[in-house]
Amino acid sequence: MKAEGTFGSAGIEAAFPALADNALGLDPMKEAKLLRVLCESRLITRRTELVGWLQGEVRRVLPHQILVAAWGDFARWNVKCDVVSSMPGVRSVPLGRCPAEEFIRNSYRRWVRAGREPLLLDAAEAAPAELPCNCPLHLAIGLMRSLVVHGVCDKLSGCDSLYLFLDSRSRAELYAQRGFVALAHLLVCQIDVAWRRVAAVQLDDLPAAQLGARPRQMTLSEREREILHRLARGSTNSDIALALEISLFTVKNHLKRIFRKIGVTNRTQAAARYNDELMASERDVSAALASASKT
């Protein structure tokens, strides 16, 4: 088996010939990471897998702390929004109730004017003119310095998918990455495919009473659930600390609390318990969907 560093400069170009003229110019290690990200995207079928992929491997290739996804008919502003972030309390909000809506509108207008090509901005350039509200999402956006904007146009439906990558690093730091345009385009295309696959079932649209607890009996915080998910995927404590940008000591403390809450004594038992509960929850969801389709 080849080590990550053994991928030559032709590695990505051989797998994706159309990129040969774009001169990605990545070093072998970054090419290996990119190739792994693209391969892993094909395995995503669940929301938890999507979030873990976006906050893990994808962030190592295209740095971001907040990812805002918006899709729909932008001309008529019939748009839905979702947010993936490791920042505490940052969640999606109903469009129209927060100035973050204007942030998405401004970003979309700039992307269209740029010919629907990957766009790198100072985050403040897309900030709304009106006074910000105090919701966690908007406050977090105000702390970001750089913004990568790119999307996918669905010509069959006439709708667009827009992805906003916000990070506290400066625009200059991100632009220093070689092959930025081709890299952003390739990643966003794969993110869009994976997101559409997961969004085929909108669990949030189902009544809470039908869904029950997810996973059942696991009363964990969101951070604890995220750590347990990564553990179940085979991540080491060091992997988890790096992906979540926390200390190794913090990861160990989280795991101790998780083990105590779910009644296990080691990592193997925790992973097995998580997978069992997830399968049980999926059966509940399938039953709820079947019931909803009959009404």
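The values are calculated or read from the model by the stated rules, or taken from the named source; none is laboratory data. What you see is a predicted model, and the numbers here were worked out from it, not measured in a lab. Counting neighbours? That spans all protein chains shown, and the Cβs are built from the backbone with ideal geometry, glycine included.
Sub-6 Å Cβ pairs linking a first residue in region 141-152 that is surrounded by fewer than 19 Cβ atoms within 10 Å (Cβ to Cβ) to a second residue that is of a type in the set (Ser, Thr, Tyr), at least 6 apart or interchain, are ARG145/SER168; ARG145/SER170, ordered by first then second residue. Look at (1) small (Gly, Ala, Ser); (2) in contact (Cβ under 8 Å) with a residue 12 or more places away in the chain; (3) over 18 Å from ARG59 (Cβ atoms) and you find that ALA243 fails only one, number (3). Within region 108-127, residues that are among the aliphatic types (A, V, I, L, M) sit with their Cβ atoms under 8 Å from residues that are assigned to a helix (DSSP H, G or I) and surrounded by fewer than 13 Cβ atoms within 10 Å (Cβ to Cβ), at 6+ positions apart or across chains, in these pairs: LEU120/TYR175. Suppose the filter is within 20 Å of TRP77 (Cβ to Cβ), at pLDDT below 80 and either part of a loop (DSSP other than H, G, I, E, B) or β-branched (Val, Ile, Thr) (or both); does ARG178 pass it? So ARG178 fails the test. Checked against (1) of a type in the set (S, T, N, Q); (2) in contact with a helix residue (DSSP H, G or I) (Cβ under 9 Å, 6 or more places away or on another chain); (3) modelled with pLDDT under 70; (4) closer than 15 Å to ASP82 by Cβ, SER161 passes all but a single condition, namely (3). Scanning region 238-273 for residues that are buried (at least 18 other Cβ atoms within 10 Å of the Cβ), modelled with pLDDT of 85 or more and not hydrophobic (A, V, I, L, M, F, W, C) returns a single hit, HIS254. Of everything in region 1-56 that is modelled with pLDDT of 55 or more and of a type in the set (Ser, Thr, Tyr), the residue that is nearest to LEU183 (Cα to Cα) is SER41.
Of PRO63, PRO99, PRO94, all but one fail to be touching a helix residue (DSSP H, G or I) at 6+ places or on another chain (Cβ under 8 Å), modelled with pLDDT under 75 and not small (Gly, Ala, Ser); the exception is PRO99. So which residues in region 46-81 are crowded, with 18+ Cβ neighbours inside 10 Å and either assigned to a strand (DSSP E or B) or at positive phi (or both)? Within region 46-81, ILE66, LEU67, VAL68, ALA69, ALA70, TRP71, VAL79, CYS81 qualify. In region 141-151 there is no residue that is within 26 Å of LEU183 (Cβ to Cβ) and at pLDDT below 80. For beta carbons closer than 6 Å, sequence separation of 6+ or different chains, a first residue in region 38-62 that is more than 20 Å from ASN237 (Cβ to Cβ) and a second that is surrounded by fewer than 21 Cβ atoms within 10 Å (Cβ to Cβ) and of a type in the set (S, T, N, Q), the qualifying pairs are LEU38/GLN190; SER41/GLN190.
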